[in-house]
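These notes are about the structure you will find just below.
What follows is calculated from the coordinates using simple rules that are stated; it is not laboratory data. The structure displayed is predicted, hence computed values, not measured ones. Note that each Cβ is placed from the backbone with ideal geometry, even for glycine, and that neighbours are counted across all protein chains shown.
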Amino acid sequence: MAYETIEVKPLAGALGAEVGGVKLTKVQDNRTWDEINRAFLDHKVLVFRDQGLSPDDIMAVGGRFGEPTYYPFVTGMEGYPYIFEVIKEPSETRNFGGGWHSDTTYLQKPPLATLLYAVETPNAGGDTVFANTTAAYDALSDGMKTLIAPLKGIYSAGLKRSGGRANIHRQVGAMKIQNAEQADTYEAIHPIARTHPGTGRKALYVSKGHTIRIEGMTEDESRPLIDYLADHSTRLEFTCRVRWEPGTLTVWDNRCTQHNAINDYHGQRRRMRRLTVGAQVPA
Ligand SMILES: [Fe+2]
């Protein structure tokens with residue numbers, strides 16, 4: 001079905017679209033929001049350029065997708081506890097959000113959507129790559145789909161395979177990190193292949209960073225399958241790439257995508273604002 005109130009231009013074959021013809025702070029009518037929400041389900045990653053959003057505006061736009069949720073490991077902005085700043089200083093080499101993942105899968109109810117708004121961006125670099133995990137699921141053999149259908153994964157915030165969350169977060173010095181020593185206590189069990197409540201489609205829900213094992217199996221037994229499904233999910237033909245500039249807002253669907261922040265801009269500053277919304281139990 002065509003769009004009447006917005007312009008939707010796909011970013012790649014697999015997923016992602018730039019949405020034009022709309023200033024989010026000015027959209028009052030439900031018809032436009034209905035079309036934005038339809039585009040969100042169709043394309044999974046929506047990019048809005050030149051938006052000029054204040055933190056209040058980000059909260060208002062986020063509210064169109066779901067209720068705000070807290071991020072456990074970074075303190076929110078003054079007066080905006082749900083929004084936090086993702087910052088990499090010119091002097092730093094570690095970035096936040098590197099490595100393929102869906103956001104906070106270690107919570108019982110992970111947020112359905114993340115909004116990321118660019119405030120300061122490097123001249124080049126700092127793009128984010130997204131992967132369509134529904135397309136990845138569809139591309140599996142019937143045998144693999146049957147094998148993983150009953151499987152649940154254990155999702156942990158500990159980031160043990162990358163040296164531990166506290167150790168990693170110590171290296172992103174400009175950010176207001178909190179609670180990282182408790183990361184191991186954040187654990188949840190979810191289906192390896194989840195069903196999207198808006199589309200009825202299945203999507204892989206596995207990452208090397210968060211999925212530590214399959215329920216009922218050891219970590220060693222689980223790892224080959226986790227690694228295979230994670231690598232498969234992020235094959236190039238399932239991806240799109242978003243280039244940022246100040247004023248760009250990207251909204252992505254955590255239920256059927258993964259993302260990876262590319263760390264290729266040492267010596268330059270990048271500052272973003274992030275909000276997650278719509279706590280939902282993966283099923
Ligand atoms: Fe993320």
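If each Cα of the stretch 7-279 is one equal point scatterer, what is log10 of I(q)/I(0) from the Debye formula at q = 0.11, 0.15 Å⁻¹? At q = 0.11, 0.15 Å⁻¹ the computed log10 ratios are -0.60, -1.15.
Counted by neighbouring Cβ atoms within 10 Å, the residues His101, His266, His210, His232 run from fewest to most as His266, His232, His101, His210. Put the Cα centre of the stretch 124-191 next to the Cα centre of the stretch 91-109 and the gap is 7 Å.
Based on Cα coordinates alone, diagonalise the gyration tensor for the stretch 1-152, multiply each eigenvalue by 5, take square roots, and list the semi-axes in whole Å, largest first. Numbers along the way, then the final one.
Details: eigenvalues 139, 109, 59 Å².
Ellipsoid half-lengths, sorted descending, are 26, 23, 17 Å.
Within the chain, the longest run free of exposed loop sites, counting GluC sites (Glu not before Pro) that sit outside DSSP helix and strand states (H, G, I, E, B) and have at most 14 other Cβ atoms within 10 Å, spans 79-214.
Exposure proxy ranking for Cys256, Cys240, based on other Cβ atoms within 10 angstrom of each Cβ and starting from the fewest, stands as Cys240, Cys256.
Dividing the radius of gyration of the alpha carbons in the stretch 162-283 by their Kirkwood radius gives 0.96 for Rg/Rh.
Maximal additional length on extending the Glu215-Glu7 stretch stands at 70.5 nm, based on 0.36 nm per residue less the C-alpha distance.
Which whole-number percentage describes the relative contact order of the chain, with Cα contacts under 8 Å and a sequence gap of 6 or more? Intermediate values should be presented prior to the final figure.
Numbers: 636 pairs, mean separation 101.4, N = 283.
Dividing the mean separation by the residue count of the chain yields 36 percent.
Here, the stretch 68-135 yields an orientationally averaged convex hull projection of 6.2 nm² when only Cα atoms define the hull. FRET efficiency for the pair Glu245 and Glu181, taken as 1/(1 + (r/R0)^6) with r the Cβ-Cβ distance and R0 = 22 Å, rounds to 0.05.
Lys-Lys pairs in the stretch 7-279 that are eight or more residues apart or on separate chains and whose Cα atoms lie under 26 Å of each other come to 28.
Helix-only estimate, please: 222 nm mean residue ellipticity of the chain, summing -39500 (n - 2.57) across DSSP H runs of length 4 or more and dividing by its residues, to the nearest 500.
Values: 6 runs with 56 residues, N = 283.
That comes out to -5500 deg cm²/dmol.
Sorting Asp57, Asp264 by the number of Cβ atoms found within 10 Å of their own Cβ, with the fewest placed first, yields Asp264, Asp57.
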